[in-house]
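Trainee: Handing you this structure, nothing more for now.
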Amino acid sequence: VGAGPTGSKAIFVSENGNVQRKELKPWFEEHSVSVPSLDGFANITAADLTGALAGCALNDAGVIRCWDNKGEALAPHPADGRGRDVVLADFSDGSTGFCVATGEETLCNDAESSKAPWTVPFRRARELGSGGPSPYALCALDDGVGIACMRAGLVERVLTPVQGVDSAVRLAHGDHGSCVVTKEGALVCWGELEMNGSEPLAGPTTVIESGV
């Protein structure tokens with residue numbers, strides 16, 4: 001499930017390889033694509049799609065399957081067999097693609113070209129989030145740098161730590177903000193509600209003692 005600028009989306013992957021994206025934006029829309037390479041691909045832990053229905057799916061063994069907007073299988077991902085999380089990302093050069101965390105490196109690739117994948121400075125990420133709180137932002141729960149965000153560009157290498165939270169177990173993201181659930185059960189969020197291009201990548205944080 002993910003949040004966008006005009007609504008929310010949910011992605012469903014069936015055992016026979018049918019992939020659906022259902023959106024409320026604010027009207028309900030449903031799109032689907034048949035992906036033969038996902039037939040029998042079980043125990044999926046993460047999946048994401050572009051607007052054109054190209055996508056990637058990851059299972060609990062770290063195996064990654066990616067496809068184009070016609071559902072045809074793409075070449076094996078460089079992180080295949082090592083994946084821990086996969087997210088859709090909008091890059092600062094205007095392209096769209098996917099970032100995959102392996103726990104040793106995070107690899108991003110352009111979904112619409114044959115450009116070689118590149119690494120970003122999340123070396124030990126266990127969970128990724130993209131889309132907020134600033135344009136082209138990519139955030140991560142990283143066992144090396146903690147909770148941090150960066151702009152998901154081709155050149156950007158600067159990480160901005162999220163202040164005010166020491167531990168987290170889950171990460172969620174939207175177009176204007178990101179949140180984590182801490183080990184203590186608090187919900188900590190950062191970012192801005194206004195889309196004016198000047199929002200900070202991280203902070204100020206708001207702690208909601210919700211006991212979630």
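Trainee: Quote to one decimal, in nm, the extra length available between residue 167 and residue 143 on full extension: 0.36 nm per residue of separation minus the C-alpha distance between them.
Mentor: 7.7 nm
Trainee: Here is a further query. Work out the FRET efficiency for residue 14 and residue 75 from their Cβ-Cβ distance, taking R0 = 25 Å, and round it to the nearest 0.05.
Mentor: The pair residue 14/residue 75 has a calculated efficiency of 0.55.
Trainee: Report the GluC sites (Glu not before Pro) located in the stretch 38-135 that are in a DSSP loop and have at most 16 other Cβ atoms inside 10 Å of their Cβ, or state none.
Mentor: Passing both the DSSP loop test and the Cβ count: 72, 104, 112.
Trainee: How long is the gain from residue 158 to residue 113 if the chain were fully straight, where each residue apart is worth 0.36 nm and the alpha carbon distance is subtracted?
Mentor: Length difference between fully extended and current span is 13.7 nm.
Every number in this text was worked out from the coordinates using simple rules, so none of it is lab data. What you see is a predicted model, and the numbers here were worked out from it, not measured in a lab. Because the Cβ atoms are built from the backbone with ideal geometry, glycine has one as well, and the counts that use them run over all protein chains shown.
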